[in-house]
Amino acid sequence: MTGSGRAKPGGRRQFLVDTARVACGVGLLGLGMGLYARHAKALPPAAIRPPGALAESEFSAACIRCGMCVRDCPYDILHLAKPEEPMSTGTPYFVARQAPCEMCEDIPCIKACPTGALDHGLTDINKSKMGLAVLVDQETCLNFLGMRCDICYRVCPVIDKAITLDPQTNERTGHHTLFIPVVHSDHCTGCGKCEKACPTEVASIKVFPLYMAKGQLSAHYRLGWIEKEKAGGSLVAPEVEHQYNMPEGMKYEHGKGLSTVPPGEAPGGATGLPKALQGDKL
Amino acid sequence: MSKSELRPGAEAVLEKGWLAAHKWLLLRRTSQVGIMLLFLVGPWFGWWIVKGNLAYSYTLGVLPLADPYVLLQSLAAGQVPEKLALIGVAIVLAFYLVVGGRSFCSWVCPVNMVTDLAAWLRARLGIKGSAHVSRSVRYWILGATFVVGALTGTIAWEMLNPVSMLHRGLIFGMGLAWAVILAIFLFDLFVMRHGWCGHFCPVGAFYSLIGKLSLTRVRLPNREACNDCMDCFAVCPEQQVIRPALKAVGGTGPVILEANCTNCGRCIDVCSKDVFRFGLRAGNNDSTLGGVAGAASK
C-alpha cells in the first residue's frame with residue numbers, strides 16, 4: 001500500500017506524492033482509453049451492423065460484446081470485431097460481399113440481444129436500416145454498359161421498391177435502352193444481397209453504413225412540387241391562363257399550334273379594331 | 001524454512017499427501033477449465049449448453065447471466081439494458097454475494113490461469129525484484145473506466161479489457177488478443193509480481209466491492225497452530241489480506257474479511273498445520289467458532 005497508513009514524519013507528504021503519482025498514471029491511461037474509444041466510434045465502410053443496431057454513437061454504449069446475436073444468426077454471417085480491427089473491439093458486424101444478411105422474418109439476432117443495442121422495437125425486417133446500397137461504379141456496372149445483367153435488381157428482397165430499373169436511351173448505339181439500377185433509400189434495408197451477387201470482379205454496387213451512403217438536404221430546403229402537393233395546390237398566386245398576343249384572325253393553342261379564327265368567334269367581337277385596342281381589357 | 005521458501009507447500013505435501021495439499025487448486029482449475037469448456041463445446045461441437053460469453057450468457061435457454069460491471073459501464077454511458085440482462089445481473093450479484101466477490105477471479109476468470117502461471121514460473125525461476133505500485137491503483141482504474149465511459153458515451157473499457165478479450169477470443173476468435181495476454185504474462189513474470197490481477201485489473205476491483213459483503217470467507221479456526229512457515233504468504237496472490245486475521249492485528253477475528261481475498265483456497269492447501277478452512281463470515285470475533293468446511297465449492 002501507499003505510505004498513507006504509516007505514522008512517520010513526512011507521512012502526509014508521502015501520501016500526497018503517492019496519490020498524485022497514481023492519479024497521473026491512471027489519468028494518462030484514462031486519456032488513452034478515451035481517445036481510443038472516440039477513434040473507434042467510426043465504423044469502417046465495409047463493416048455493416050446487424051439489423052436494428054442503434055446509431056453508432058449509442059451502439060458503442062449499449063453493446064456489451066456478448067456475441068448472442070452472432071450465435072443466434074442462422075446463417076452465421078456475423079463476426080465480433082477482433083482487437084486489431086479498426087472498430088470497437090468485440091462488437092458485431094458483417095461484410096456484405098462475404099455473406100449478406102438473409103433478412104429472417106423473425107429477426108433472431110435482435111431477440112438475442114440482452115441490451116437493446118439491437119433495437120427490440122424493430123419487428124419488421126423490411127424496415128431495417130443496416131446500411132444503404134450505392135451503385136458506386138457506373139463505369140463497370142453491366143447495366144450501365146448496356147447489358148441486361150439485372151442481378152442486383154433480381155436478388156433484392158425488396159424488389160421493385162429498393163432497386164428499380166429506370167430506362168434511359170443508350171446514347172452509344174442510339175437505338176437501345178439502358179436499364180439503370182436505381183436504389184431508393186426509403187426501401188433499401190442495407191442487407192447487402194446486391195453487393196454479394198454483383199458479378200463484376202469488384203462489386204459495382206456496394207452497401208455502406210448509412211452515415212457514409214446518405215446525403216442530407218439543409219433543413220431550410222423546401223421542394224416546391226412536394227410543398228404544392230401537401231398544400232393541395234399552388235402556394236403562390238393562382239395560375240393565370242396564358243394568353244398569346246396573335247395577329248388578327250389567328251389563335252394559338254398549346255399542343256395544337258396556330259389556327260385561323262372563324263369570323264364571329266373572334267374575341268371581343270368583329271369590330272375591326274386590333275385586338276389590343278378592343279374593349280375594356282386594356 | 002529455506003526449503004519451504006523454495007517450494008511453498010512442500011511441508012503440507014509431506015504432512016497431508018499431495019492430493020490433499022492441492023485439493024482447492026485442483027478444484028479451482030477444474031472450475032476454470034470446466035466453465036471455459038461449457039462455453040466452447042457450442043462452437044466446437046455444436047452442443048449449445050451456453051451461448052455468449054462472460055459479459056452475458058444464456059444457458060440452456062433458461063438461465064441468463066450478466067456481468068454487473070459491464071452493464072454498469074453501459075448504464076454510465078447512458079444505456080438501459082433489456083429485462084433478461086437485468087435478471088442476469090441480479091443472479092450474478094446474488095451468486096457472488098454468497099460465494100465471495102473475487103471468487104470470480106480465481107474460479108472463473110481465464111486470465112487467472114495466465115497470471116497464476118506467470119507467478120508460479122516467477123517463483124520457480126527465482127526472479128526477484130518487482131515494480132512497486134500501490135494495490136489501490138485498481139480502484140482508480142475502476143473509477144476511470146466509468147468516468148471515461150460516461151464522457152465518451154461508450155463502454156470504453158471493453159475495447160481494452162484483457163479479461164473479456166481473452167474469454168471472447170477463445171470462443172469467437174482471438175485475433176491479436178493473444179498479444180495482449182502475452183504482454184500481461186510477461187509483465188507479471190518479469191516486471192511485477194501479481195501485477196495485473198493484484199494491482200491493476202478493474203474487473204477484479206469491481207468484484208472485490210461485492211466481496212466486502214460476501215458470505216463465504218477463509219476462516220482461521222486454528223490460527224494458534226501457525227508456525228510462521230510463511231507458505232501461505234508465498235502462495236497468496238493478495239498477501240496483504242492474510243496478516244490481520246492470522247496475527248489478530250488490532251483484535252481482528254479469525255476470518256479473512258479483506259475484500260480482495262479471492263477465495264482461491266491455496267492457503268488452505270499449503271498449510272501443514274490446517275490453520276485455514278472455508279467458512280462463513282459471521283462470528284469473526286470468536287475464535288472458538290469453527291468454519292464450515294467446504295461450504296464454498298464454487
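Every read-out reported here was derived from the displayed coordinates using simple, explicitly stated rules and does not represent laboratory data. From a predicted model like this one, the values you see are computed outputs, not experimental measurements. Neighbour counts run over all protein chains shown; Cβ positions are idealised from the backbone, glycine included.
When the Cα centres of the stretch B:162-208 and the stretch B:82-120 are compared, how far apart do they sit, in Å?
When both Cα centres are located, 14 Å separates them.
Using the scaling law 2.2 N^0.38 Å as the reference, what is the normalised Cα Rg of the stretch B:58-133?
Scaled against compact globular proteins, the figure is 1.53.
Rounded to the nearest 500 deg cm²/dmol, what is the calculated helix-only ellipticity per residue at 222 nm for the protein assembly as shown, with -39500 (n - 2.57) per DSSP H run of length n ≥ 4?
Helix contribution divided over all residues of the protein assembly as shown: -10500 deg cm²/dmol.
Straight-line reach from residue B:23: which aspartates and glutamates have Cα under 17 Å away, leaving out those fewer than 8 places along the same chain?
B:11, B:15, B:116, B:231, B:269, B:274
Between residue A:250 and residue A:150, what is the label-point separation in nm under the 7 Å Cα-to-beta-carbon projection?
Label-label distance for residue A:150 and residue A:250, simple model: 5.0 nm.
Multiply the residue separation of residue B:282 and residue B:182 by 0.36 nm, subtract the distance between their alpha-carbon atoms, and state the gained length in nm to one decimal.
Length gained between residue B:282 and residue B:182: 31.9 nm.
For B:126-139, what's the mean count of beta carbons from other chains sitting within 10 Å of each residue's beta carbon?
The shielding value for this peptide is 2.
Taking neighbour counts of Cβ atoms within 10 Å as a proxy for exposure, in what order, fewest first, do A:184, A:79, A:175 appear?
Ascending Cβ contact count within 10 Å gives the list A:175, A:184, A:79.
Compute the Rg/Rh shape ratio of the stretch A:18-131: radius of gyration over Kirkwood radius, all on alpha-carbon atoms.
Rg/Rh for the stretch A:18-131 comes to 1.08.
When the Debye formula is applied to the Cα atoms of the stretch B:8-132, each taken as the same point scatterer, what base-10 log of I(q)/I(0) results at q = 0.17 Å⁻¹?
Treating every Cα as an identical point scatterer, log10 I(q)/I(0) equals -1.02.
Just the C-alpha atoms of the stretch A:74-134: what Rg/Rh do they give, with Rh taken as the Kirkwood radius?
Using only Cα positions, Rg/Rh for the stretch A:74-134 is 0.95.
At R0 = 60 Å, how high is the FRET efficiency between residue A:13 and residue B:40 if r is their beta carbon distance? Nearest 0.05 is fine.
Approximately 0.70, to the nearest 0.05.
Taking the dipole about the Cα centre of chain B, with the C-beta of Lys and Arg at +1 and of Asp and Glu at -1, give me whichever of B:18, B:64, B:125 is farthest to the positive side.
Ranked along the dipole, the leading option is B:18.
Just the number, please: Stokes-Einstein D of the stretch A:123-264 in µm²/s, Kirkwood Rh from C-alpha pairs, 10 °C, 1.306 mPa s.
So the translational diffusion coefficient is about 82 µm²/s.
Please report how far the C-alpha centroid of the stretch A:168-222 lies from that of the stretch A:62-80, rounded to the nearest whole angstrom.
28
Per-residue HN-Hα couplings for the stretch A:107-121, Karplus 6.51 cos²θ - 1.76 cosθ + 1.60 at θ = phi - 60°, whole Hz, x for Gly and Pro?
Karplus values, whole Hz, x for Gly and Pro: 6, x, 5, 5, 4, 6, 6, x, 10, x, 4, 9, 5, 5, x.
What residue among A:190, A:25, A:249 has the largest mean-square fluctuation in a Gaussian network model of chain A, using Cα springs under 10 Å?
A:249
What are the extents of the Cα atoms of the stretch A:93-203 along their three principal axes, in Å, largest first?
Projected onto its principal axes, the Cα set of the stretch A:93-203 covers 58, 25, 17 Å.
Rounded to two decimals, what ratio of Rg to Rh does the protein assembly as shown give with C-alpha atoms and a Kirkwood Rh?
Rounded to two decimals, Rg over Rh is 1.24.
Based on the alpha carbon coordinates of the stretch A:217-263, what radius of gyration and maximum Cα-Cα distance (Dmax) apply, in Å?
Cα-based Rg and Dmax for the stretch A:217-263 come out at 18.3, 57 Å.
Cut-off 15 Å, label point 7 angstrom out along Cα-to-Cβ of residue A:176: give me the residues of the stretch A:120-162 whose amide nitrogen falls inside.
The answer is A:140-150, whose backbone nitrogens lie closer than 15 Å to the label point.
Normalised by the empirical 2.2 N^0.38 Å for globular proteins, what value does the Cα Rg of chain B take?
1.01
Over all residues in B:171-179, what is the mean tally of Cβ atoms on other chains that come within 10 Å of each residue's Cβ?
Rounded to a whole number, the mean comes out at 5.
In what sequence do A:127, A:251 fall when counting other Cβ within 10 Å, fewest first?
By the 10 Å Cβ count, ascending: A:127, A:251.
With each pseudo-label sitting 7 Å past Cα toward Cβ, what's the residue A:124-residue A:164 distance in nm, one decimal?
Label-label distance for residue A:124 and residue A:164, simple model: 1.9 nm.
Please report, in Å, the Rg and the Dmax of chain A, where both are computed over Cα atoms only.
When restricted to Cα atoms, chain A yields Rg and Dmax of 33.1, 125 Å.
Which entries in the list A:127/A:161; B:128/B:247; B:83/B:212; A:111/B:83; A:127/A:196; A:127/A:228 go over 23 Å, if you measure between the two C-alpha atoms of each?
From the list (A:127/A:161; B:128/B:247; B:83/B:212; A:111/B:83; A:127/A:196; A:127/A:228), the Cα-Cα distance tops 23 Å for B:128/B:247; B:83/B:212; A:127/A:228.
How far is helix B:111-124 tilted off the main Cα axis of chain B, in degrees rounded to 10, range 0 to 90?
30
Quick check: the angle from helix A:11-39's long axis to the longest principal axis of chain A, C-alpha only, nearest 10 degrees?
30
Quick check on the exposure proxy: order A:111, B:51, B:16, B:128 from fewest to most C-beta atoms within 10 angstrom.
B:128, A:111, B:16, B:51
Quick check: the angle from helix B:83-99's long axis to the longest principal axis of chain B, C-alpha only, nearest 10 degrees?
So the helix axis and the longest Cα principal axis differ by about 0 degrees.
Residues of A:100-113, mean number of Cβ from any other protein chain within 10 Å of their own Cβ, rounded to a whole number?
Shielding by partners across A:100-113 averages 1.
Ordered by residue, what ³J(HN,Hα) values in Hz, to whole numbers, does the stretch B:128-142 give under the Karplus form 6.51 cos²θ - 1.76 cosθ + 1.60, where θ = phi - 60° and Gly and Pro are x?
Once θ is set to phi - 60°, the couplings for the stretch B:128-142 become 9, x, 7, 4, 9, 9, 4, 6, 7, 4, 4, 6, 5, 5, 4 Hz.
On average over all directions, what projected area in square nanometres does the stretch B:136-187 have, based on the convex hull of its Cα atoms?
4.2
Can you give the longest run of chain B that contains no chymotrypsin sites (Phe, Trp or Tyr not before Pro) sitting in a DSSP loop with at most 12 other Cβ atoms inside 10 Å?
In chain B, the maximal stretch lacking such sites is B:48-298.
Roughly how many nanometres apart are two label points built 7 Å out from the Cα toward the Cβ at residue A:236 and residue A:202?
4.6
Can you tell me the convex hull volume per residue for the stretch B:148-260, based on C-alpha atoms, in Å³ to the nearest whole number?
Once divided by residue count, the hull of the stretch B:148-260 is 161 Å³.
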